[in-house]
1. Could you look through region 78-93, keep only residues that are under 14 Å from Ala40 (Cα atoms) and assigned to a loop (DSSP other than H, G, I, E, B), and pick out the one that is nearest to the chain's Cα centre (by Cα)?
2. What tally of residues in region 130-146 results from selecting those that are in contact with a helix residue (DSSP H, G or I) (Cβ under 8 Å, 6 or more places away or on another chain), in a helix (DSSP H, G or I) and either modelled with pLDDT under 95 or surrounded by 14 or more Cβ atoms within 10 Å (Cβ to Cβ) (or both)?
3. Could you say whether any residue in region 80-87 is touching a strand residue (DSSP E or B) at 6+ places or on another chain (Cβ under 8 Å) and among the aromatic types (Phe, Trp, Tyr)?
4. Out of curiosity, is Leu112 in contact (Cβ under 8 Å) with a residue 40 or more places away in the chain, surrounded by 15 or more Cβ atoms within 10 Å (Cβ to Cβ) and in contact with a helix residue (DSSP H, G or I) (Cβ under 9 Å, 6 or more places away or on another chain)?
5. Just checking, does region 121-129 include any residue being under 14 Å from the mean Cα position of the chain (by Cα), assigned to a helix (DSSP H, G or I) and in contact (Cβ under 8 Å) with a residue 12 or more places away in the chain?
6. Kindly indicate which of Met74, Met55 is without any contact (Cβ under 8 Å) to a residue 24 or more places away in the chain, of a type outside the set (Asp, Glu) and either within 25 Å of Glu5 (Cα to Cα) or outside any loop (DSSP other than H, G, I, E, B) (or both).
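The values are calculated or read from the model by the stated rules, or taken from the named source; none is laboratory data. Please read these numbers as outputs of a predicted model, since none were measured by experiment. When we count neighbours, we look across all protein chains shown, and the Cβ atoms used for this are built from the backbone with ideal geometry, even at glycine.
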Amino acid sequence: MTYKEKLRILYLCTGNSCRSQMAEAFTLHLKGDQIEALSAGVAPKAIDPRAIKAMSEDGIDISRQGSKSVDQVMNQKFDYVVTLCDNAQKTCPSFPGTTTVIHVGFDDPPKLAATARDEEEAMLHYRRVRDEIKAFVESLPESLLDKQGHQEDFRAGIQAFLNNLPVDLTKRKED
């Protein structure tokens, strides 16, 4: 594949400190010949040291990656924006062109680790989510096309339902 034929994916999360950084790194490492990946956050903050540790255990160094605001990438063209947390899904801005937004939610390791009894237990959460994100990335790009198809089928089903209603629900009954 040539550079221009690569899919462009933006991974969007709230802080761009953990899950989206992992997804970006795995995509570049595992699918870099097919996909150009970036990550950003709706409220970016520093990269989580435990995310750095979890990724280094899998042979990938994300310590030099930096958090970016979604505002920094808004004018770029992406084929897909993949939201990785519920907050990003709810607050995802509109992107120019024909960008498809898909939600693939993963648990929040920092939130889960907050109740851990020790560092090892905290890292178990990071490792599990890391491995789930890696499995998702390994399924690319086919899994994106499948999710997009399901979303389009759902939209078409809703539209067909609305079209077959016996009354126009947007009009109020006059007294």
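1. Taking region 78-93 and keeping what is under 14 Å from Ala40 (Cα atoms), we get 78, 80-85, 87-89, 91-93.
Still in the list and also assigned to a loop (DSSP other than H, G, I, E, B): 78, 84-85, 92-93.
Values: Phe78: 13, Leu84: 3, Cys85: 7, Cys92: 10, Pro93: 13 Å.
The qualifying residue nearest to the chain's Cα centre (by Cα) is Leu84.
2. Summing the residues that are in contact with a helix residue (DSSP H, G or I) (Cβ under 8 Å, 6 or more places away or on another chain), in a helix (DSSP H, G or I) and either modelled with pLDDT under 95 or surrounded by 14 or more Cβ atoms within 10 Å (Cβ to Cβ) (or both) in region 130-146 gives 6.
3. yes
4. No, not satisfied.
5. If we filter region 121-129 for residues that are under 14 Å from the mean Cα position of the chain (by Cα), which is where we start, we get 129.
Among the residues that remain, those that are also assigned to a helix (DSSP H, G or I) are: 129.
Now restrict to residues that are in contact (Cβ under 8 Å) with a residue 12 or more places away in the chain: 129.
Within region 121-129, one or more residues are under 14 Å from the mean Cα position of the chain (by Cα), assigned to a helix (DSSP H, G or I) and in contact (Cβ under 8 Å) with a residue 12 or more places away in the chain.
6. The conditions single out Met74.
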